[in-house]
Amino acid sequence: MAQQEAVDSIAKIQKLRLQRMTWGLGAQFSTWLVIVGLYLFGMVPMLPAAIYFLMILTINLVFALLIKANVNLRFRDPSMTAAQIVAPIWPAVILMYFVADPQARTAFLLTAISGLMFGSFALSRRSMLAVSAFILTSYLALLTALHLFAPSRMDWRIELIIVFTYASVLVTVAYLGSYISSIRNTLREKNVLLAELAARDPLTQLPNRRSLMDQLSQEVARFERRTANEHELCVSMLDVDHFKRINDTWGHDTGDAILCRISNELRKIMRQGDFLGRFGGEEFIVILPESTLEAAQHTADRIKDCVANLHFPELPDGERITVSQGVSIYQPGERIEATLKRADEALYIAKEEGRNRIVVGH
């Protein structure tokens, strides 16, 4: 089930990459209009224009196929951001060679800047500068070809001014774009940190009640998609016995230290896939997905023995900490609150019967 969720997540991200590629095509649309205008005004022959459109179609088709086939996932940047920016440059350079009016070539330089701005989504400053250098070098290569084979279509005095100005603009855009990218990354990291803090209990650093309920909702959704012969979803609610007496006798600092120690030790014995969190006060919940009642009871036994065998230096010698537990099984179609209520009722019975025991709720 986790594997299927990973596949679904990748598919969603790939779909977003295709969507961004569509946005890039929208940015290229202005270049296409410029080319159509140049052809209509007789500034570029039909054959070079047709070759340009064929090359652009092929390039975009290749990128789309790489994403569709998930080949892009093997790359360091699966979005292929830099590649998608620089790939249309050389088809444009080839076409610019045939443009009759030197001033008309500046339109291509301007549209290349809009493509560079897409780098602000993912590229570092070094990458942005590298892409800018590629664009400028490509234009210098065009000027060299014009100087050698068609000197009548260029004026070095004007071109030197254009190259200097364009280099300045590219560097400025690269720095601003990378700055925007760094701000986005910083905000993303802060949002992730805030989300983690909102989902954690500040004392034990375990998932808090809100996070537990979210996880339970996800596990219920997974459970409802399974077939009838698969494993159950079980919940164990546990409570530290006589915890009020601990706080009243040895202080709240001691009580906090005991809760933290229990949390750390229980983390170590949890099965991979199980979910441990602090429900509130001295109460914890263990979510046991793809389990059985027998397996859940075994886990509860391990928890009981683990806590009972712990030594707490904050307590006098001979003082032992125990936990009581109520175990319940999620019934198909019920609200998760009903499952938790049965676990809570079973926990109450365990306490009434003497504590340090496990009761299964029905």
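The values are calculated or read from the model by the stated rules, or taken from the named source; none is laboratory data. Predicted model only: the values in this text are computed from it and were never measured. As a convention, Cβ positions derive from the backbone with ideal geometry for all residues, glycine included, and neighbour counts pool all protein chains shown.
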> Given the conditions (1) in contact with a Gly (Cβ under 8 Å, 6 or more places away or on another chain); (2) modelled with pLDDT of 85 or more; (3) among the hydrophobic types (A, V, I, L, M, F, W, C), which single one is not true for Ala27?
Replying inline: (2)
> Out of Ala174, Ala198, which single residue is farther than 26 Å from Val44 by Cβ and either in contact (Cβ under 8 Å) with a residue 60 or more places away in the chain or exposed (fewer than 14 other Cβ atoms within 10 Å of the Cβ) (or both)?
Replying inline: Ala198
> Any residue in segment 270-278 that is surrounded by 13 or more Cβ atoms within 10 Å (Cβ to Cβ), modelled with pLDDT under 95 and part of a helix (DSSP H, G or I)?
Replying inline: no
> Any residue in segment 86-107 that is assigned by TED's automatic domain parsing to the domain that holds Ala27 and under 30 Å from Thr186 (Cα atoms)?
Replying inline: yes
>> Whether any residue in segment 225-242 is without any contact (Cβ under 8 Å) to a residue 60 or more places away in the chain, surrounded by fewer than 14 Cβ atoms within 10 Å (Cβ to Cβ) and among the acidic types (Asp, Glu) is what I want to check.
In response: no
> Mind checking whether some residue in segment 86-99 is closer than 30 Å to Ala221 by Cβ, surrounded by 11 or more Cβ atoms within 10 Å (Cβ to Cβ) and without any contact (Cβ under 8 Å) to a residue 60 or more places away in the chain?
Replying inline: no
